[in-house]
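Q: Sharing a structure with you now.
The values are calculated or read from the model by the stated rules, or taken from the named source; none is laboratory data. Model, not experiment: these values are computed from the prediction. Cβ sites come from the backbone with ideal geometry, for glycine too, and all protein chains shown count toward neighbours. With ligands, DNA and RNA removed, areas are computed over all heavy atoms of the protein, side chains included. Shrake-Rupley method; radii C 1.70, N 1.55, O 1.52, S 1.80 Å.
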Amino acid sequence: MISAGLVDLQVNGFAGVDFNAGTALTTTAMTQALDALLATGVTCLLPTIITADEASLRTRFDALDEAIEESPLGALMCPGYHLEGPFLNPAPGYAGCHPPAVMQPPDYALVERLEAGLKRPILLITIAAELPGADSFIRRARAAGKLVAIGHSAADFAAVQAAAEAGAVLATHLGNGLPQALPKLANPIFAQLAEDRLAVSLIADGIHLPPPALKVLLRAAGERAILVTDAVAAAAAPPGLYDFAGMQVERDAAGAVRLPGQVSLAGSGLCLDAALRNLLGWGFADAAAALAMASTRPAALLRPALAARGITLPGSELRWDDGLHLRSLRLGPIERAYPAPLPGE
Ligand SMILES: [Zn+2]
């Protein structure tokens, strides 16, 4: 199989490196993480900053932006950022591992303050669509050429429709960032699935979504389905403790990442190529369909935001074996070959 490069719209960290580490994030570490992402076929990603107070958001964006600017792979792979929060629903379950105390209603001026001075734009913002001011926030973001997603949200049918009307384009990691118990039918999952104007991002690690639930979501979303990893530093890394946005999270032997002793998940330990193999292995998609969900489809979603800024992504081509293991890669001037995986890998 040959495909375009994979595009991951939600990456909090990778291969032991936390993109939310603030001043602790070095250029060397960033290059190491981007190198490891390339080996999974990801040629374009939106490094993701999660909920924090304004001063911490500022520090984290500045450090991330500097590390990417100075990294030789940064310019090729990172056209901009994903801000997930702080405009999220603070209620238990909806908040996930994000700190609810610093969540707030959507405030576009905060986005402008965070972005001022950055070399790269904030391209995607995940908000809870039921919060006061959400619709006007979405309109302002859209007018500025940004994409808005709904996530960590209790938005009902009407709120989701209004958000889509205002210009929201994506449901962030649908099925996650939600309490365990929800109304059986009038719930945010059905509301977002039913809204044809929303692409639907899904974490296909078999942990965030039990495979049968993933199967149903994929079928319902159809051509709107997109794969993301929501990876943290514990992805492409062994079991153990990792930093994530000022928290310590633990990757267990099964690959789940949690705050130690807690049930709810804190990002994932997933690599995007492994998500492709999961879909193939579970029989939920063939190779071409799985690759589209992780390459051309998220690229198409991103395109208007890039076009608004005159950003063009470098050309890319990936070659895969029958089991969807990456064999070689071209990204702009970079060419890499990857040795065959060990049996059972
Ligand atoms: Zn999230």
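Q: Here is a list of conditions, (1) away from the ligand (no atom under 16 Å from the Cβ); (2) outside any loop (DSSP other than H, G, I, E, B); (3) open to solvent by less than 40 Å² (accessible area, probe 1.4 Å), and Arg219 meets all of them except one; can you say which number that is?
A: Result: Arg219 passes all but (3).
Q: Check segment 260-272 and report whether any residue there is modelled with pLDDT under 95, away from the ligand (no atom under 16 Å from the Cβ) and surrounded by fewer than 19 Cβ atoms within 10 Å (Cβ to Cβ).
A: Yes, the conditions are met somewhere in segment 260-272.
Q: Out of segment 189-216, which residues are surrounded by fewer than 22 Cβ atoms within 10 Å (Cβ to Cβ) and of a type in the set (Asp, Glu)?
A: Those that are surrounded by fewer than 22 Cβ atoms within 10 Å (Cβ to Cβ) and of a type in the set (Asp, Glu): Glu195, Asp196.
Q: Restricting attention to segment 274-289, does a residue exist that is assigned to a loop (DSSP other than H, G, I, E, B), of a type in the set (S, T, N, Q), in contact (Cβ under 8 Å) with a residue 40 or more places away in the chain and surrounded by 15 or more Cβ atoms within 10 Å (Cβ to Cβ)?
A: Within segment 274-289, the subset assigned to a loop (DSSP other than H, G, I, E, B) is 282-286.
Now restrict to residues that are of a type in the set (S, T, N, Q): none.
Scanning segment 274-289, I find no residue that is assigned to a loop (DSSP other than H, G, I, E, B), of a type in the set (S, T, N, Q), in contact (Cβ under 8 Å) with a residue 40 or more places away in the chain and surrounded by 15 or more Cβ atoms within 10 Å (Cβ to Cβ), so the answer is no.
Q: Condition (residue is closer than 25 Å to Leu123 by Cβ, among the basic types (Lys, Arg), in a loop (DSSP other than H, G, I, E, B) and open to solvent by 40 Å² or more (accessible area, probe 1.4 Å)) applied to segment 174-185: is it met by at least one residue? Step through it out loud before you land on a result.
A: Of the residues in segment 174-185, the ones closer than 25 Å to Leu123 by Cβ are 174-178.
Still in the running and among the basic types (Lys, Arg): none.
Within segment 174-185 (the criterion being closer than 25 Å to Leu123 by Cβ, among the basic types (Lys, Arg), in a loop (DSSP other than H, G, I, E, B) and open to solvent by 40 Å² or more (accessible area, probe 1.4 Å)), the answer is no, since none of the residues qualifies.
Q: Whether any residue in segment 224-242 is in contact with a Leu (Cβ under 9 Å, 6 or more places away or on another chain), of a type outside the set (Phe, Trp, Tyr) and open to solvent by 60 Å² or more (accessible area, probe 1.4 Å) is what I want to check. So that I can check it myself, show each step before the final result.
A: Step one: list which residues in segment 224-242 are in contact with a Leu (Cβ under 9 Å, 6 or more places away or on another chain), which gives 224-231, 234-236.
Now restrict to residues that are of a type outside the set (Phe, Trp, Tyr): 224-231, 234-236.
Filter once more, keeping what is open to solvent by 60 Å² or more (accessible area, probe 1.4 Å): none.
Taking every residue of segment 224-242 in turn, none turns out to be in contact with a Leu (Cβ under 9 Å, 6 or more places away or on another chain), of a type outside the set (Phe, Trp, Tyr) and open to solvent by 60 Å² or more (accessible area, probe 1.4 Å).
Q: Being under 28 Å from Ala290 (Cβ atoms) and more than 16 Å from the ligand (Cβ to nearest atom) is the requirement here; does Ala67 meet it? Quick ask: steps written out before the conclusion?
A: Working: under 28 Å from Ala290 (Cβ atoms): no; more than 16 Å from the ligand (Cβ to nearest atom): yes.
So Ala67 fails the test.
Q: Spot the failing condition for Ser153; the list is (1) open to solvent by 10 Å² or more (accessible area, probe 1.4 Å); (2) under 30 Å from Arg120 (Cβ atoms), and only one is missed.
A: (1)
Q: Next question. Filter segment 70-94 down to the residues that are away from the ligand (no atom under 13 Å from the Cβ) and either part of a strand (DSSP E or B) or under 30 Å from Ala4 (Cα atoms) (or both) and list them by number.
A: Within segment 70-94, Glu70, Ser71, Pro72, Leu73, Gly74, Ala75, Leu76, Met77, Cys78, Pro79, Gly80, Tyr81 qualify.
Q: Can you name every residue in segment 117-141 that is surrounded by 21 or more Cβ atoms within 10 Å (Cβ to Cβ) and in a helix (DSSP H, G or I)?
A: Within segment 117-141, Ala134, Phe137, Ile138, Ala141 qualify.
Q: Just to be sure, is Cys97 under 16 Å from the mean Cα position of the chain (by Cα), within 20 Å of Gly22 (Cα to Cα) and within 16 Å of the ligand (Cβ to nearest atom)?
A: Values: under 16 Å from the mean Cα position of the chain (by Cα): yes; within 20 Å of Gly22 (Cα to Cα): yes; within 16 Å of the ligand (Cβ to nearest atom): yes.
Considered against the rule, which asks whether it is under 16 Å from the mean Cα position of the chain (by Cα), within 20 Å of Gly22 (Cα to Cα) and within 16 Å of the ligand (Cβ to nearest atom), Cys97 comes out as yes.
Q: Same structure, new question: Kindly indicate the residue of segment 157-175 that is in contact (Cβ under 8 Å) with a residue 60 or more places away in the chain and out of contact with any Asp or Glu (no Cβ under 9 Å at 6 or more places or on another chain) and also nearest to the ligand (Cβ to nearest atom) among those meeting that condition. Quick ask: steps written out before the conclusion?
A: Within segment 157-175, the subset in contact (Cβ under 8 Å) with a residue 60 or more places away in the chain is 169-170, 172-173.
If we keep only those that are out of contact with any Asp or Glu (no Cβ under 9 Å at 6 or more places or on another chain) too, we end up with 169-170.
Values: Val169: 17, Leu170: 12 Å.
The selected residue is Leu170.
Q: Next up: Going through segment 40-59 one residue at a time, which ones are away from the ligand (no atom under 16 Å from the Cβ) and either part of a strand (DSSP E or B) or under 19 Å from the mean Cα position of the chain (by Cα) (or both)? Let's see the steps before the verdict.
A: Step one: of segment 40-59, the residues away from the ligand (no atom under 16 Å from the Cβ) are 40-44, 53-56, 58-59.
Listed by number, the residues that qualify are Thr40, Gly41, Val42, Thr43, Cys44.
Q: Given the conditions (1) at pLDDT below 95; (2) at negative phi, which single one is not true for Ala275?
A: Among (1) at pLDDT below 95; (2) at negative phi, Ala275 violates only (1).
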